[in-house]
1. Where a ≥ b ≥ c are the square roots of the eigenvalues of the C-alpha gyration tensor, would you call region 76-215 rounded, which needs a/c under 1.5, or, failing that, prolate if a/b is larger than b/c, or oblate?
2. Hey, can you rank 126-135, 155-164 by average C-beta count inside 10 Å, highest first?
3. So for region 10-225, taking the charge dipole from beta-carbon charges (+1 Lys/Arg, -1 Asp/Glu), which of Met90, Thr196, Asn104 sits furthest toward the positive end?
4. Using the Karplus curve 6.51 cos²θ - 1.76 cosθ + 1.60 with θ = phi - 60°, what ³J(HN,Hα) values do you get for each residue of region 47-59, in whole Hz, with x for Gly and Pro?
5. What is the Cα centroid distance between region 89-128 and region 134-208, reported in whole angstrom?
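Every read-out reported here was derived from the displayed coordinates using simple, explicitly stated rules and does not represent laboratory data. All values reported here derive from a predicted model rather than from experimental measurement. Methodologically, a virtual Cβ is constructed for each residue, glycine included, from the backbone with ideal geometry; neighbour enumeration extends over all protein chains shown.
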Amino acid sequence: MTKNSFIADDGNLRDIYNKIPKSYDRANALISFFQDIKWRTRLISNVMEISEPETILDVACGKGELTYLIKHLKKTYVVMTDYSENMLNMAIVDGIKVLASFNNLPFRDNSFDSVMSTFALHAADNIEDVIKEMVRVSNGTIGVIAMGKSDNHFYRFISGLYLKYVQPYIAMLTGEKSKNYRFIYYIYKRLPLNSTIRDIANKYMDISLFEEKAFGSVYMFVGTKKLQ
């Protein structure tokens with residue numbers, strides 16, 4: 001490991017998220033090739049097609065972009081949770097906010113009709129543990145968008161180049177420091193393949209949608225909690 005290597009563990013990620021909350025929505029835009037709003041809206045629509053949730057948990061909500069869209073598309077009760085207090089304080093939408101890690105959600109089993117998370121799952125040290133926790137507190141549907149890693153070697157190469165070399169300099173054009181965005185590449189390096197994510201999700205829910213976007217660098221899935 002070199003002197004300047006970034007260790008993408010929970011402690012480092014929490015520190016970074018607390019330092020850049022004002023521009024974190026831009027990071028999501030850069031990861032998604034500026035399609036994040038479109039993809040979030042599609043996720044919400046697919047969840048709503050399966051059920052009409054009256055209570056929704058937005059896991060690792062960041063600045064609340066997903067909650068903002070949910071409330072504009074449907075009048076429903078949404079709880080936001082994130083492990084960064086700064087993120088919650090900078091939320092772009094009012095609502096109930098709970099400071100908590102997605103590894104240990106402070107809610108009872110089956111507390112929400114739907115549990116969703118966008119552009120956060122990839123930051124987990126153990127993605128399966130977080131999926132299990134989301135399923136535990138859901139009484140119905142689960143919806144996720146996250147940074148992924150294609151099974152296709154060429155797509156992985158393209159995505160790696162973009163995240164390591166292109167994205168930080170696009171960030172500079174928006175007035176941000178490129179070093180604040182380089183961590184995303186190090187998260188990408190440690191990710192399992194998208195097929196592995198699909199297999200994990202299939203263990204805990206009946207998948208109705210699994211899509212890959214942007215050369216597989218982003219995936220979206222929607223599922224229904226399996227009956228015990």
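1. It comes out oblate by the Cα gyration axes.
2. 126-135, 155-164
3. Met90
4. 5, 5, 5, 7, 8, 10, x, 9, 10, 10, 10, 9, 8
5. Result: 17 Å between the Cα centres.
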